[in-house]
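Visitor: There's a structure below that I have some questions on.
The values are calculated or read from the model by the stated rules, or taken from the named source; none is laboratory data. This is a predicted model, so every value here is computed, not measured. Cβ placement follows ideal geometry from the backbone for every residue including glycine, while neighbour counts extend to all protein chains displayed. Protein only, heavy atoms only, side chains kept; ligands, DNA and RNA dropped before computing areas. Shrake-Rupley method; radii C 1.70, N 1.55, O 1.52, S 1.80 Å.
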Amino acid sequence: MAKTPKIVDMKVIPVAGYDSMAMTLSGAHGPYFTRNLVILTDEIGHQGVGEIHGGDDIAKSLESCKPLVVGQEIGAYRSVVNRLRTGSWKAAGNNGEGLQGLDLKNLKFVVRSEAAVECAMLDLLGQYMELPVCELLGDGRQRDEVTMLGYLFYVSDKNKTDLPYLDESNSTDPWFRLRRKEMVTPEAIVEQALTLQKKYGFRNFKLKGGVFEGKEEIKAIRALKEALPEARINIDPNGAWSLDEAINLTKDLHGVLTYAEDPCGPEKGFSSREIMCEYKNATQHMVATNMIATDWRQFYHAVSLRSVDIVLADPHFWTMNGSVRIAQVLNDWGLTWGSHSNNHFDISLAIFAQCAAAAPGNITPVDTHWIWQDGQELTKHPYKIEDGVIKVGNAPGLGIELDMDKVAKAHELYMSLPNHDRDDAVAMQYLIKDWKFDSKRPCLVR
Ligand SMILES: O=C([O-])C(=O)C[C@H](O)[C@@H](O)C(=O)[O-]
Ligand SMILES: [Mg+2]
């Protein structure tokens, strides 16, 4: 019987990169973000790579996977991932209420560490079969170009902290110069979008809300639509608004908002899925989520209640196979697939692009934080966002090659950090003393 190559080595390399003081309901991004890389080597000398969220717990969980991965055939990747799935974190601690929380104790209930192993094994299998990963997922390649979304953030003034944020004021690139500066007004958000459009060609934008009072953020949405009338624009306050507020803020935005992402969450004893269903009924807006349909059980209830139209099935939360599987179901049921993201390196950029290339139907432009990290690539020829799209070529596997010098530097940075876990309250407390997360109050409203 023909055999596929066996895995002979698995490395887990935690890495860190630099970030802006970007604002969300959960606080302010710190100066660094962390990720974990998985590097697998097979017996014919190929290297397969995966990337997942950072932090010591995830690194430890991946380390503990080694005995279940090394020695396995790459062709058996589904069983390997299945064995890891049953041994890794369960969603038992996730109350399923769609509450935003970005520190590790919340994120770990949705992040699937085994997705990094799955990705690295698919990368190896693709190299062995001389096929790109998108051909190994679902019904194979569905498109050659993946439309990406320009992810707009309010950015606070890093000079109000003594944290070591990067300063790129001297960069020759207008976007790089801008991205580390304070941007808190509608005018600044418009400048951000225009600068991003020029550099990356985006025609789709999303503003991360949950920062200022909703009506202030809607001013920015209107200003964006005025400046970019052809663009598709949406807002994501991560469930911060009450149902009444969400309805009042957005009911007159037909023709301005393409869709609303997690506009409201659980309240008054009603679940987030019930509330989002009422929001949809009241406004007739399309609704997207990465908060209330993060696994199959939540998805069942979200669909039963018709709470959402677009599921942002991040492959780091669903695995690559899971994300494409839900893309197929969504397409068959007349619903829409997209992907959520957090800060990431260029291995994850390849993951998003390969999944989206295999997702059938009319998918929504894919989220990425890469524009905030662009220039910190860990691969030799990172995927590029040009004219608003990523072209997915025919290179085998993920089609990337790690630059081990850059990986070593990113690892060194990680090791130099006093804390490896994300906690957006730390930077936030420079702006508001003793600030604490409140799922119902925008972070600067206290
Ligand atoms: O769409 C979303 O909800 C996200 O992108 C989640 C996070 O809030 C993201 O903005 C982040 O990591 O800061
Ligand atoms: Mg979201």
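Visitor: Tell me what the chain gives for mean residue ellipticity at 222 nm when only DSSP H runs of n ≥ 4 count, each as -39,500 (n - 2.57), the sum divided by the residue total, rounded to 500 deg cm²/dmol.
Guide: Details: 17 runs with 161 residues, N = 446.
One gets -10500 deg cm²/dmol as the mean residue ellipticity at 222 nm.
Visitor: Quick check: pseudo-label points 7 Å beyond the Cα along Cα→Cβ at Val329 and Lys391, how many nm apart are they?
Guide: Each label point is offset 7 Å from its Cα along the Cβ direction, giving 3.6 nm.
Visitor: Continuing with the same structure: I want the local charge near Leu68. Using Cβ-Cβ distances under 11 Å, sum +1 for each Lys or Arg and -1 for each Asp or Glu among the other residues.
Guide: On the way: positive: Lys66, Arg83, Arg85; negative: Glu114.
Cβ neighbours under 11 Å give a net charge of +2.
Visitor: Any aspartates and glutamates with Cα under 13 Å of the Lys406 Cα? List them, leaving off those in the same chain fewer than 8 positions away.
Guide: The reachable aspartates and glutamates, counting only those whose Cα sits under 13 Å from Lys406, are Asp346, Glu377.
Visitor: Provide the net charge surrounding Tyr259, with neighbours chosen by a C-beta distance below 13 Å and charges set as Lys +1, Arg +1, Asp -1, Glu -1. Provide the component values of the computation, followed by the final result.
Guide: Working: positive: Lys206, Arg232, Lys280; negative: Asp236, Glu261, Asp262, Asp309, Asp367.
Taking every Cβ under 13 Å from that of Tyr259, the sum is -2.
Visitor: Test of understanding: in a Gaussian network model of the chain with alpha carbons linked when under 10 Å, which of Pro132, Pro266, Pro164 would top the mean-square fluctuation ranking?
Guide: Pro164
Visitor: From the cross-link list Lys206/Lys440; Lys198/Lys280; Lys251/Lys440; Lys198/Lys436, which pairs have alpha carbons spaced over 26 Å apart? Each step should come with its number before you reach the end.
Guide: Details: Lys206/Lys440 20 Å; Lys198/Lys280 34 Å; Lys251/Lys440 20 Å; Lys198/Lys436 37 Å.
Those over the limit are Lys198/Lys280; Lys198/Lys436.
Visitor: Follow-up. Would you mind counting up the charge near Leu305? Only other residues with Cβ under 12 Å from its Cβ, with Lys and Arg at +1 and Asp and Glu at -1. Could you put the intermediate results ahead of the total?
Guide: Values: positive: Arg273, Lys280, Arg306; negative: Glu274, Glu278.
Its environment carries a net charge of +1.
Visitor: Highest first, please rank the peptides 364-372, 297-305 by the mean number of other Cβ atoms sitting within 10 Å of their residues.
Guide: Values: 364-372: 24.0, 297-305: 17.0.
Packing order, densest peptide first, comes out as 364-372, 297-305.
Visitor: Here's another thing I want to ask about it. For the chain, what is the relative contact order in percent, using Cα pairs closer than 8 Å and at least 6 residues apart in sequence?
Guide: Working: 1005 pairs, mean separation 104.7, N = 446.
Result for the chain is 23 percent.
Visitor: Quick check: at a probe of 1.4 Å, how many percent of the accessible area of segment 32-72 sits on carbon and sulfur atoms? Don't skip to the answer; put the middle values down first.
Guide: Values: 720 of 1420 Å².
Using a 1.4 Å probe with all protein chains present, segment 32-72 comes out at 50 percent carbon and sulfur.
Visitor: Let me ask something additional. Skip the ligands, DNA and RNA, and give the accessible area per residue of the chain with a 1.4 Å probe, whole Å².
Guide: Working: 17630 Å² over 446 residues.
Normalised by residue count, the accessible surface of the chain is 40 Å².
Visitor: Continuing with the same structure: So in segment 136-391, what percent of DSSP beta bridges are antiparallel if you round to the nearest 5?
Guide: Antiparallel bridges: around 25 percent, rounded to the nearest 5.
Visitor: Now for a different question. Between segment 35-50 and segment 1-23, how far is it from one alpha carbon centroid to the other, in angstrom?
Guide: Answer, in whole Å: 7.
Visitor: Sticking with this one: For Lys6, give me every one of the lysines with a C-alpha distance below 21 angstrom, ignoring sequence neighbours fewer than eight places off in its own chain.
Guide: Hits, sequence-local ones excluded: Lys66.
Visitor: Moving on to the next point. Share of segment 136-391's accessible area from carbon and sulfur, percent, 1.4 Å? Write out the running numbers ahead of the final one.
Guide: Values: 4400 of 9420 Å².
Reported share for carbon and sulfur atoms: 47 percent.
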